[in-house]
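Worksheet for the structure shown next.
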Amino acid sequence: MWIPPAVGIAAWGLILWITPQPERPKPEPVKTGLAHVQPIGSIIELVDLAPVHGIVKDLIWIEPWLYVARSLNGLELYRWEIGNSIQMEQAWTDGEFNPISMEYDGVYLYTADRFRGLTTLELQTTMRPKLLHEEQVPGIATAVRLREGKLLLAHGGGGVSLFGLQNPAHPKLETRFSIVDYSKQADWAGEHLYLADGRDGGMRVFHYTGDQLHPLRNFTTSSYCDDAVVQGSFLFNQNRELGVIIYDLTDPANPQSISQVYKPDDASMAMQIHGDWLLVLYHKAGLALYDIRDRQNPQLIESAAFGRRAQTMIWEGDSVFVSDHDAGIAVYRIHLPDQ
């Protein structure tokens, strides 16, 4: 006998409704490299989403302005205020600016520019960047960072350079160490420089003395290393496949690995450290917030999925801006619990 599909579906639903259903298992704890902790679900709050698609290399937040570095696709400026959506204000796509990485000191915007090398930009009252200075470097400038009165520039295929900022508008080259690698980012502490190596994988350690960089050690890993950040007596090393590796810098010339956070079958794309909190952006899983008061045993506090092709992020105050190639740019509020 033929039964109309609608009737059959309704009857099947009735059977399911009156049939006792087994109790659903509770979700498994979120797994990290070191801890199994249930997510809280109230710390990371999505407050806005903008359709800013495509390649984004870096973000700089100068409230209420968001600068978006797009490398070959130029530089874009957006405005965002609480209660309002992200709005594009200007875009410079004529080849004048091709930033991969940016740093802001409160007056000048320094960029690692794909074609110009290191550039110094002055932000005018219109927030339009004005080029003040450029310094060509070997290879491709990939990342810039301000540390202890110096400017560090990593340049793929060329090594790493240190610039003095006696005149902040015109950084002056102090020393350069040339290596055929793919330098991604560098950080500085005392007399030591730590370079994230994006081609060979791992990290290089240098000693700075006599106005020269002297190589000390090379940590080799199985995947690209994108970032190295010094915080106090610890070094955080962000690696695509291995997540974030934390090193003890009691002996700054000989970092010792003490812990690691990661997500299996996912790639870490960026990290930000605020005090005793570590925020990691994963390619597919989105954001993960870790409590790192105990550097030897980081604890996952909460995750927030966003898109499936995450690229980069910036964390300023209680606002986090996250870029995903397909999903756009999301704005999150971070409500940190009392420690």
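The values are calculated or read from the model by the stated rules, or taken from the named source; none is laboratory data. Just so it is clear, the structure is predicted and the values come from calculations on it, not from any experiment. Virtual Cβ from ideal backbone geometry, glycine too; neighbours counted across all protein chains shown.
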Item to check | Flag if Asp181 is out of contact with any Ser or Thr (no Cβ under 6 Å at 6 or more places or on another chain) and at pLDDT below 90 | outcome: yes
Item to check | Selection from region 88-130 of residues that are without any contact (Cβ under 8 Å) to a residue 12 or more places away in the chain and within 22 Å of the chain's Cα centre (by Cα) | outcome: Gly106
Next on the checklist: Where the second residue is of a type in the set (Asp, Glu) and surrounded by fewer than 20 Cβ atoms within 10 Å (Cβ to Cβ) and the first is in contact (Cβ under 8 Å) with a residue 40 or more places away in the chain and closer than 10 Å to Gln272 by Cα and lies in region 307-318, which pairs have Cβ atoms under 9 Å and are six or more apart or on separate chains?
Outcome noted: Glu316/Glu63
Checklist entry - Inside region 260-271, can you point out the residues that are surrounded by 20 or more Cβ atoms within 10 Å (Cβ to Cβ) and under 17 Å from Val230 (Cα atoms)? => result Val261, Ala270, Met271
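Please determine, by comparing only the residues of region 283-300 that are assigned to a strand (DSSP E or B) and in contact with an Asp or Glu (Cβ under 9 Å, 6 or more places away or on another chain), which one is farthest from Leu249 (Cα to Cα).
Just the residues of region 283-300 that are assigned to a strand (DSSP E or B), to begin with: 286-291, 299-300.
Restricting the remaining residues to those that are in contact with an Asp or Glu (Cβ under 9 Å, 6 or more places away or on another chain) gives 286-289, 291, 299-300.
Numbers: Gly286: 29, Leu287: 27, Ala288: 25, Leu289: 23, Asp291: 20, Gln299: 21, Leu300: 23 Å.
Among those that are assigned to a strand (DSSP E or B) and in contact with an Asp or Glu (Cβ under 9 Å, 6 or more places away or on another chain), it is Gly286.
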Checklist entry - Considering only residues of region 216-242 that are in a strand (DSSP E or B) and aromatic (Phe, Trp, Tyr), which is farthest from Asp265 (Cα to Cα)? => result Phe234
Checklist entry - For region 203-213, does any single residue satisfy the condition of being in contact with a strand residue (DSSP E or B) (Cβ under 9 Å, 6 or more places away or on another chain), crowded, with 16+ Cβ neighbours inside 10 Å, of a type in the set (Ser, Thr, Tyr) and under 20 Å from Gly156 (Cα atoms)? => result no
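From the list Leu279, Leu249, Leu242, which residue is modelled with pLDDT of 95 or more, within 25 Å of Gly307 (Cα to Cα) and hydrophobic (A, V, I, L, M, F, W, C)? Reasoning before the result, please.
Working: Leu249 fails: within 25 Å of Gly307 (Cα to Cα); Leu242 fails: modelled with pLDDT of 95 or more.
None of the other options fit; the residue is Leu279.
Yes/no matrix, rows are residues, columns are (1) assigned to a strand (DSSP E or B); (2) basic (Lys, Arg); (3) surrounded by fewer than 20 Cβ atoms within 10 Å (Cβ to Cβ); (4) on the phi < 0 side of the Ramachandran plot:
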{"residue": "Glu302", "(1), (2), (3), (4)": "yes, no, no, yes"}
{"residue": "Phe306", "(1), (2), (3), (4)": "no, no, no, yes"}
{"residue": "Gln311", "(1), (2), (3), (4)": "yes, no, no, yes"}
{"residue": "Trp315", "(1), (2), (3), (4)": "yes, no, no, yes"}
{"residue": "Phe321", "(1), (2), (3), (4)": "yes, no, no, yes"}
{"residue": "Asp326", "(1), (2), (3), (4)": "no, no, yes, yes"}
{"residue": "Ala330", "(1), (2), (3), (4)": "yes, no, no, yes"}
{"residue": "Pro337", "(1), (2), (3), (4)": "no, no, yes, yes"}
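Would you mind listing the strands (runs of 3 or more DSSP E) fully within region 65-184 where at least 2 residues are touching a Gly at 6+ places or on another chain (Cβ under 8 Å) and surrounded by 14 or more Cβ atoms within 10 Å (Cβ to Cβ)?
Working: elements: 65-69, 75-79, 87-92, 99-104, 108-113, 117-123, 129-135, 140-147, 150-156, 159-164, 172-177.
Counting at least 2 such residues, we get 87-92, 129-135, 140-147, 150-156, 159-164, 172-177.
Only one residue in Asp294, Asp276, Asp266 is more than 19 Å from Val56 (Cα to Cα), touching a residue at least 40 places away in the same chain (Cβ under 8 Å) and among the acidic types (Asp, Glu), so which one is that?
On the way: Asp294 fails: touching a residue at least 40 places away in the same chain (Cβ under 8 Å); Asp266 fails: touching a residue at least 40 places away in the same chain (Cβ under 8 Å).
None of the others qualify; the one that does is Asp276.
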Checklist outcome for this item: Over region 184-211, the set of residues free of Cβ contacts under 8 Å to residues at least 40 places away in the same chain and either in contact with a Ser or Thr (Cβ under 6 Å, 6 or more places away or on another chain) or charged (D, E, K, R) (or both) is Asp197, Asp200, Gly201, Gly202, Arg204, Asp211
